[in-house]
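First the structure, in the form of C-alpha cells, and then the observations on it.
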Amino acid sequence: MGKEDGFLKYNRELPAARDPKQRINDSNEIYTEFPEEKTKIQAARCMDCGVPFCHNGCPLGNLIPDFNDAVYDGEWERAAQILYSTNNFPEFTGRICPAPCESSCVLSINKPAVAIEHIEKAIAEKSFELGLVKAQPPVRRTGKKVAVIGSGPAGLAAAAQLNQAGHKVDVYDKDDKAGGLLRYGIPDFKLEKWTIDRRLAVLEEEGVQFHLGQEIGKDISLKKLHRKYDAVLLAIGSTKPRPLNIPGSHLKGIHFAMDYLTLHNRRVAGEDIPAEEDLYARDKHVLVVGGGDTGSDCVGTANRQFAASVSQLQYRTMPSTVRPPDNPWPETPMTYTSSSSHEEGCERSWGWLTKEFVGDENGHVTGLKVVELEWKNGREYTEKAESEKILPCDLGMIAIGYERPMHDAFKASFDIETDQRGNFKLQDWQTNVPGIFAAGDSFRGQSLVVWAISDGREAARAIDIYMMGASDLPSKELSKLVLYR
C-alpha cells in the first residue's frame, strides 16, 4: 500500500477536457495533459483492500492495487510489468473502457472511486515513452499455424498471445486497415488511430502477419483456411445491426449508426468518400434512436459535422442519479450518466416510443412520429394519451444494438452451431467443428472492448492446448486460483 491515508487525504481528480466549443472543431482526443505527480496522488487513493473487488470487476482480472502501488512509488517499469501481465492493450482500455473495475472499487461505496482507468492509460503511455514497449519475438517457433479472422480487440489479443507461444499467426480482415471496431467503430475523439498503428507495428515486428482486404467466404473460403491451418479463430464481432421495424424505415436519410461512424472515421483518416455513399450532418436535424455508447458516438460525430440540431431518443425512463435498492455495490450502477458528446450539445429525450418515420414527396425523411410512455414497475408501459408528436429529422441514426455476427458465409462452409441469439456456441472456446474457435462479440454478443481482449486471451490459451496438449499462456481463471487459494 503506497500511502495508508491516501484515500482520506486526496480527492479524485481526472485530466480536464478541452472546451466543448473548441474541441468540436477537430477529431483529436478531448482530454488535456495530466501531471505525473497528480497521477501518483491518484494512485495513492487505492486502499489495497484485503479482498480487492476491483479484480473481479475487471474482465481481464487486472492486478489493480499492485500497479497502483508501483505508480505511487514512481516505479513505472514495475507498474508496466504488472499491467501487461494481464492486459495486452492498456493504451486502448485506458481510453475507452467504461471501467467496471471502478464500479466495484471498495472506496466507491461512499466516495468517488480510485481513478483506475486514468492510471492504466498513464502506465501505458509511460511505457511507450520510456521504451519499455518493444517487439519481443518468441525465442522458438512450434511449427504450428493459426489463422485469426478479424483484427478487432479479440483477434489482436489472441494473435499477440498465440504468437508469443511460438505459433505462426496470420490475421485476416476484410478491411484495408487492421483494427476492426477500434479503427472503424470508435471515433477519433475517443481513440486516435495512431494508437492502433503504434501497436500494430509492434505486433508485426514480433512476427504476426496481416492479410488485409480479404473477406473470408468471398475472397477465400473458411474450408480452405481450415485445411491450411492447425486452428482457426473466428473473432468477427457482432455486426448485424438490429433494425427499427417501424413504418417509414426505408426512407432516404435513415441509416444504421455504424455505417455513419465508419464513414466519418474514414474521412478523418484522409480517405476519399464517394459522394453517393457519403453521410454528412452539416445543417441537418440529426435524430439518434438509442441511448448507448454507439448512439453517444453519433452525437459527438454530428456535433463535429456542425449539424443544425442533435437529438437522442430513448424509450426507457430517465435513470435515477443514485443507485436504486436493487442495484447495490459492487454491481455497475445503473444511474444517469452523460458523455463528453452530450456536453457538446444534444437534446436528450427519455420515455418516448418511436411510431413512424415520415417523409416528403421525394422519399426523404423529414421527421419521426413518437409518443410518450408511462412505465409501470419498469417492465410494462402504456402510451400516454394525446402525447403523440413529430420530431424534425433530416438524418436518422439507428443505434439500438446488434443482432448477431455476420456468419452466413462461415455457416455455408460448415454447420457451425449457434445459440438462440445467433452467436457461436462454444465448448472451451471451440465450436462444434474441431479446430475452429471463436471469441469476443461473436460468442458473447455485443459487449465491451475489455471483454473482447479477455476473450481473445482465454481463447488463445485454449487453442494452444488444442495444438500442443498444454499451455504456458496465462489464464484469468488460473490467476484467481493463485490469488485466492
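The values are calculated or read from the model by the stated rules, or taken from the named source; none is laboratory data. This structure is a prediction, so every number in the text was calculated from the model and none was measured. Note: ideal-geometry Cβ built from the backbone for every residue, glycine included; neighbour counts use all protein chains shown. With ligands, DNA and RNA removed, areas are computed over all heavy atoms of the protein, side chains included. Shrake-Rupley method; radii C 1.70, N 1.55, O 1.52, S 1.80 Å.
Working only within region 388-415, note down all residues that are touching a Pro at 6+ places or on another chain (Cβ under 9 Å) and of a type in the set (D, E, K, R).
E403
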Matching residues in region 334-355 - criterion: being touching a Gly at 6+ places or on another chain (Cβ under 9 Å), part of a loop (DSSP other than H, G, I, E, B) and of a type in the set (S, T, N, Q): S339
Qualifying residue in region 161-176 (condition: in contact with a strand residue (DSSP E or B) (Cβ under 7 Å, 6 or more places away or on another chain), assigned to a loop (DSSP other than H, G, I, E, B) and open to solvent by 20 Å² or more (accessible area, probe 1.4 Å)): yes
Residues of region 185-224 classified as open to solvent by less than 20 Å² (accessible area, probe 1.4 Å), part of a helix (DSSP H, G or I) and closer than 13 Å to A147 by Cβ, total: 1
Members of region 318-340 that are out of contact with any Asp or Glu (no Cβ under 9 Å at 6 or more places or on another chain) and in contact (Cβ under 8 Å) with a residue 40 or more places away in the chain: W329, P330, E331, T332, P333, S340
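Of R227, R282, which residue is open to solvent by 60 Å² or more (accessible area, probe 1.4 Å), farther than 16 Å from T301 by Cβ and of a type in the set (K, R)?
R227
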Number of the condition not met by W429 [criteria: (1) of a type outside the set (V, I, T); (2) closer than 15 Å to A459 by Cβ; (3) without any contact (Cβ under 8 Å) to a residue 24 or more places away in the chain; (4) open to solvent by less than 90 Å² (accessible area, probe 1.4 Å)]: (3)
Whichever residue in region 57-79 is more than 24 Å from R457 (Cα to Cα) and either at pLDDT below 95 or of a type in the set (G, A, S) (or both) and, among such residues, is surrounded by the fewest Cβ atoms within 10 Å (Cβ to Cβ): G74
First in region 32-48 and basic (K, R), second anywhere and open to solvent by less than 70 Å² (accessible area, probe 1.4 Å) and not in a helix (DSSP H, G or I), Cβ under 9 Å, 6 or more apart: K38/P15; K40/G2; K40/G74; R45/K3; R45/Y10; R45/A113; R45/V114; R45/A115
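Within region 1-56, considering only helices (runs of 4 or more DSSP H) that don't extend past its boundaries, which have at least 2 residues that are touching a Lys or Arg at 6+ places or on another chain (Cβ under 6 Å) and open to solvent by less than 60 Å² (accessible area, probe 1.4 Å)? Show your work before the answer.
Details: elements: 6-9, 20-23, 36-44.
Correct list: 6-9.
Working carefully through the options Y381, Y402, find the one that is open to solvent by 10 Å² or more (accessible area, probe 1.4 Å), of a type in the set (F, W, Y) and within 30 Å of K223 (Cα to Cα).
Exactly one residue qualifies, and that residue is Y402.
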Test for L182: is it farther than 13 Å from A235 by Cβ and either part of a helix (DSSP H, G or I) or open to solvent by 20 Å² or more (accessible area, probe 1.4 Å) (or both): no
Failed criterion for A275 (all others in (1) within 23 Å of Q314 (Cα to Cα); (2) of a type in the set (A, V, I, L, M, F, W, C); (3) open to solvent by 30 Å² or more (accessible area, probe 1.4 Å) hold): (1)
Of residues in region 386-421 being in contact (Cβ under 8 Å) with a residue 60 or more places away in the chain and among the hydroxyl-bearing types (S, T, Y), the one farthest from E347 (Cα to Cα): S413
Output for region 230-267, where each listed residue is in a loop (DSSP other than H, G, I, E, B), touching a helix residue (DSSP H, G or I) at 6+ places or on another chain (Cβ under 9 Å) and either among the small types (G, A, S) or loosely packed, with under 15 Cβ neighbours inside 10 Å (or both): A235, G237, S238
Extreme residue, nearest to A154 (Cα to Cα), among residues of region 80-96 that are touching an Asp or Glu at 6+ places or on another chain (Cβ under 6 Å) and surrounded by fewer than 24 Cβ atoms within 10 Å (Cβ to Cβ): G94
Among (1) open to solvent by 90 Å² or more (accessible area, probe 1.4 Å); (2) in a helix (DSSP H, G or I), the one test that K411 misses: (1)
Any hit, region 331-345, residues being surrounded by fewer than 13 Cβ atoms within 10 Å (Cβ to Cβ), closer than 30 Å to E380 by Cα and more than 21 Å from the chain's Cα centre (by Cα): no
